[in-house]
Amino acid sequence: MIYVLIILVLLVFSALISGSESAFFSLKPKDLEQLRENDNKNSQAVLDWLNRPKELLATILVLNNFVNVGIVILSTIALDYFLPDYIHPIVRVLVDLVGITTIILIIGEVVPKVFASQNQLMVVEKMALPLKFVSKVPPFSSLKWLLNAGSAGIQNLFGGNTNVSSDDLVEAIALTKEESADEDEHRLLEGIVKFSKTEANQIMTPRIEVEAISTEYDFQEVLNFILEAGYSRIPVFESTEDNIVGILYIKDLLPFLNEPKSFDWKQHVRKPYFVPENKKINDLLQEFKTMKMHMAVLVDEYGGACGIVTLEDILEEIVGDITDEFDDQEVVYSIVDESTYLFEGRTSLNDLYKIVDINPEVFEKIKGESETIGGFIVEQAGRILKNNEFIEIGNIKLVVESSDKRRVKTVKIRIS
């Protein structure tokens, strides 16, 4: 009877350990957010384990195997005591094999894992501290270390590091281009892979190109500006264009189209959403979805507005250009010959990489904060180059076709 009681206790331990394995490795992102918000020892212990997944798995495997082996040994002894002597040895072996295995499988594996997969948070918070305590007690601590060392040795022997970077994925996608003629599909895959690495300032509309309304305009001037600009949302600035104080949604003014020019339109201006210029666009997209917004104002390190990013700008990084009946079909570049291209200075470096067959790393390794071709030339030269002046980057020659005192307007790119 003592053996039976010990076996029952071990079955409970086996169920808890198996359930914790299923719970730890099935946590969802929202569960992780909830754990970070909870300021208690259990939540911190869970997060600590999740930062060391290999050690967690090694601890669970060692404990589970110890408990299951103990159940098998004690069950065999107990069955030898309860079963009559005249039972054939083969029957005894079958009872041991089938009976004990079935009990361990159902009570110690299947049932707890099904329960844990539906109650992940509760299970991990209850089991994190006990696992932490047991992992430091000999002989489990030593066996866990041996298991970690053995798995690392096997990994090095048969494959080394299996981590795949986004650059590796881009190269893999490039290799498949010869097998398929669908350029749009490859462009979509590349956009998805590079999406999490792209910063907002790489796709923004620079402040100098943003059409904005001054708070000093009367209502009639605002309506005229809206008709000329053709946008559904327009930034509003006060005093200077880098001091954006709000966003005007055109639909908010529709009920007041017949109001006199003295109408106070500023009361319908919505608060702007400011984000740092180096914010990753995948995070910004998530914030747009949560806040139900379509436009953000980018600010530099000094707090001044440096541009805007819209939801359409972000989506275009994946699916390509989105055009409607109001978009101007401007030609932003032209091909002079096989090795010569003509670009506007405001063209982004990202667009340059997509159009011209050059290695982006050549530019990315030496560029600073610049995001456009003109900005890159000014950054490398240390001044605004005059017409026909140029810089050379490897086998690429960037010649300034036209410029003024403020910026580089047109650039000719020659590839030797």
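Any read-out appearing in this document is the output of simple, stated calculations on the displayed coordinates, not a laboratory observation. Keep in mind that what you see is a predicted model, and the values were worked out from it rather than measured. Ideal geometry is used to build each Cβ from the backbone, glycine not excepted, and the neighbour counts take in all protein chains shown.
Label points 7 Å out from Cα along the Cβ direction at residue 26 and residue 240: separation in nm? With each label placed 7 Å out from Cα toward Cβ, I get 5.8 nm. The magnitude of the dipole of the stretch 227-279, with charges of +1 and -1 set on the Cβ of Lys/Arg and Asp/Glu and taken from the Cα centre, is near 240 debye. Mean projected area of the convex hull spanned by the Cα atoms of the stretch 200-319, taken over all viewing directions: 7.7 nm². The residue among 368, 385, 356 whose Cα reaches farthest toward the positive pole of the charge dipole of the stretch 343-393, with charges on the beta-carbon of Lys, Arg, Asp and Glu, is 385.
Pairs over the 25 Å Cα-Cα cut-off, from the set 30/251; 28/54; 54/132: 30/251. In summary, the lysines within cross-link reach of residue 197, defined as a Cα separation below 21 angstrom excluding same-chain residues under 8 places away, comprise 279, 280, 289, 354, 365, 367.
If you place +1 on the Cβ of every Lys and Arg and -1 on the Cβ of every Asp and Glu, how big does the dipole about the Cα centre of the stretch 200-319 come out, in debye to the nearest 20? Charge dipole of the stretch 200-319: 500 debye, to the nearest 20. Ranked by the mean number of other Cβ atoms within 10 Å of their residues, highest first, the peptides 387-394, 22-29 come out as 22-29, 387-394. Going from the fewest other Cβ atoms within 10 Å to the most, the residues 81, 333 appear in the order 81, 333. The stretch 94-137 and the stretch 368-401 have Cα centres lying 64 Å from one another.
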